[in-house]
Amino acid sequence: MCGIIGYVGGRPCQRLLLDGLRKLEYRGYDSAGMAWREGEMARCIRAVGNLDSLESVLACAVGDGGVATATATVSAGIAHTRWATHGGVTEINAHPHEDASGRFRIVLNGIIENHLELRDRLAADLVTLRSDTDAEVVAHLLALHYDGNLAEAVRRSLDELEGHYALVAMCDEEPDTLVGVRRECPLVVGLGDGEQFIASSISAFLAHTREAAVLSDEEIAVLRPHEVEVFDVKGLRHRPASTQVEWDEDRCEKDGFETFMLKEIHEQGSAVRETLSQWRANPELSEDGALAAERLAAVKRIVIVACGTSYHAGLAARNAIERWARIPVEVEVASEFRYREPIVADGALVLGISQSGETADTLAAMRLAKAQGATVLAVTNTPASQATREADGVLFTRAGLEIGVAATKTFVAQVVLLYELALRLAAVTGAQSPATMAELHDQLEQLPQLIDQVLSSVDEPIRGLAGRLALSPFFLYLGRLAGLPVALEGALKLKEISYVPTDAYAAGEMKHGPIALLSRETPVICVATDERVLPKLLSNLSEVRARGARVLAIATEGSREIAEHAEHVVYIPRADPLMQCVLAIVPLQLFAYHLARARGLNVDQPRNLAKTVTVE
Ligand code: AGP
């Protein structure tokens, strides 16, 4: 994720843009940049690091603490805060990007999936690109398509761009105009008096205007100081549908959600979309030593080390790698592994999963494995974290910054990234038929949309249920096969934010002990999505109900018998049982969330917990 903002109006724009970027910094902060017009001249600055670095560069560029005085009646500018996807964290890769003539500038959030193809096409036209980014191609395309109308150049370029993105463009020929467009990434226009804003989030311009127009997919917004026009891809004019934003600044930073955790739960579709799309758009990943086919072919065993939620993602990954690629996998709690004197045979591939990339136990386990000769890959959401510096290779999830202490969107991003790895391993081992591989790839691709569908259908019923069960003293979570990591993660979510005791078990283990906990007061939450073991699970549920306990089941649409074994059933779409992990966790996250809120708790900062655990 990156954050973008644009301004056109009568005020000097540099400080406005910088202040707006500060509100977007949660979206990315490894480098930043800004371009603006100063009289007849266009200026562009970039800096590696967070926005303080950009502020220093700006102060040098314009003096006066970064506040330039207006040198023309109209000022226009665009700015960007980056979370690197394509190309390293360098000044040259920071936005804004320019075409070869320096007349067209763009800032972009998202991914251009066919950028390699477009690079080849531009190279054939003798266009030289300066950066390694996917975004730069857009500036060059605008130059190729421009014939006096920037909005039209953007519209023509859209036909050639694949992927999901939001971008804002400006050009020297139209100094009082900004053009923005979005495809599956957020972009919202702020309508002012003699000035207009456009940004990834309302929070970026809330201090200046409360009138906002959210753009629909592929709508093109043309901003000039005294007007905003909106066109569709056919060039037909639309009325911008604006609303008055009633949120306060705090709510605005959460994009209107009451907490960061709820916002992040709702961002899971896009976290999965970004993660999948950067994996697919980045074939160099496969050429990276650690993921080259001949290296993967030599992998005889995989060891996963992780803590907490990341450990649960590891359990889901084990199911996928063993089932699809037929390679044995062990999943280890990092704090145990590091002291157990484990034997990591030469030739083992070790995956250290950590959203923060800074978890002390996971880092120690990775070091230990490396010292024993294993190839170690980090799976992380955090660029430049310690895990990225120590591993032999890095696989990045693209969930964007997660602020809530309870991991939600980083979990689903980890699972789908590890599923992609499982499919790459399966391609190397040849354990699945081409038809099965194609079907699995297809199902992965559909997950973002299915997550959004689950979110909109289950939120209300789950909220009601959580309210009714809010005073229960204990919850038992059960699952089998693909449902087990989901049950474990659901139980962790509930205990960490609601402080209600939970236990989570493989359902077949219940009669070996936990059944003693059951009474009429015990809600049992059962992940009953994996139809390979559904009959077994139903008989486990009969045992539960014979003790008078109440059952809430997460099941697959169309699954009939479950309704006879549970008081409440939440249905999720039918898919491969492993894919359903990513869907089944959503109602459990919402259940934990609403139950904690019903108990009046601070879900973003639960007691005793830290987002990054850098100590043992
Ligand atoms: C998740 O909700 C928890 N906050 C915690 O279990 C977390 O997953 C664990 O500390 C591991 O963190 P990491 O992914 O940053 O390594």
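Every number here is computed from the coordinates shown, using simple stated rules; none is lab data. Here the structure is a predicted model, which means the values were calculated and not measured. Here the Cβ positions follow ideal geometry from the backbone for every residue, glycine too, while neighbour counts run over all protein chains shown.
Charges were assigned to the Cβ only: +1 to each Lys and Arg, -1 to each Asp and Glu. The resulting dipole of segment 482-587 about its Cα centre is roughly 200 debye. Pairs of Lys residues in the chain are counted when their Cα atoms are under 25 angstrom apart and they lie 8 or more places apart or on different chains; the count is 22.
With the helix formula -39500 (n - 2.57) applied to DSSP H stretches of n ≥ 4, the chain reaches a computed 222 nm mean residue ellipticity of -11500 deg cm²/dmol.
When the chain is described by a simple charge dipole with +1 on each Lys and Arg Cβ and -1 on each Asp and Glu Cβ, the residue from 6, 296, 166 located farthest towards its positive end is 296. Assuming charge only on the beta carbon of Lys and Arg (+1) and of Asp and Glu (-1), the dipole of segment 212-332 about its Cα centre is about 740 debye to the nearest 20. Toward the positive end of the charge dipole of the chain, with +1 on the Cβ of Lys and Arg and -1 on the Cβ of Asp and Glu, the farthest Cα among 50, 321, 549 is that of 549. Using the alpha-carbon centroid of each, what span in Å lies between segment 184-211 and segment 311-375? Between the Cα centres of segment 184-211 and segment 311-375 lies a distance of 45 Å. Packing, as the average of other Cβ atoms within 10 Å across residues, places the peptides 249-255, 229-235 in the order 249-255, 229-235, highest first.
What whole number of Å gives the distance from the Cα centroid of segment 405-426 to the Cα centroid of segment 432-457? With segment 432-457 and segment 405-426 each reduced to a Cα centre, they are spaced 13 Å.
Evaluating 6.51 cos²θ - 1.76 cosθ + 1.60 at θ = phi - 60° for every residue in segment 206-220, the Karplus couplings come out as 4, 5, 10, 8, 10, 9, 10, 10, 7, 7, 7, 4, 6, 7, 10 Hz, glycine and proline recorded as x.
Computed from point charges on the beta carbon alone (+1 for Lys and Arg, -1 for Asp and Glu), the dipole magnitude for the chain about its Cα centre is near 1940 Debye. Residue 518 sits among other residues whose Cβ lies under 12 Å from its own Cβ, and their net charge, with Lys and Arg +1 and Asp and Glu -1, is +2.
Here 410, 259, 429 are placed in order of increasing Cβ neighbour count within 10 Å, fewest first, which gives 429, 259, 410. The value given for the chain is a Kirkwood hydrodynamic radius of 25.5 Å, derived from the mean inverse Cα-Cα separation.
3J(HN,Hα) couplings calculated from phi for segment 435-444 with the Karplus curve 6.51 cos²θ - 1.76 cosθ + 1.60 (θ = phi - 60°) are, in sequence order, 5, 5, 4, 5, 5, 5, 4, 4, 5, 4 Hz; Gly and Pro show x.
Taking amide H as placed 1.01 Å from N in the peptide plane, residue 135 has no amide H partner under 5 Å among residues 5 or more places away or on another chain. What the phi angles of segment 244-251 give under the Karplus curve with 6.51, -1.76 and 1.60, with θ = phi - 60°, is a coupling list of 7, 7, 9, 5, 7, 4, 4, 5 Hz, glycine and proline written as x.
In terms of its C-alpha gyration tensor, segment 143-238 comes out oblate, because a/c is 1.5 or above while a/b does not outweigh b/c. Taking every DSSP bridge with both residues inside the chain, close to 60 percent are antiparallel. Annotation: the residues 198, 321, 4, 403, sorted from fewest to most other C-beta atoms within 10 Å of their own C-beta, follow the order 403, 321, 198, 4.
Think of the chain as a dipole: +1 on every Lys or Arg Cβ, -1 on every Asp or Glu Cβ, centred on the Cα centre; then among 427, 373, 403, 373 lies furthest on the positive end. Counting neighbouring beta carbons within 10 Å and listing from fewest to most, the residues 56, 457 come out as 56, 457.
So, in Å, what gap is there between the alpha-carbon centers of segment 476-503 and segment 521-587? One Cα centre to the other: 14 Å.
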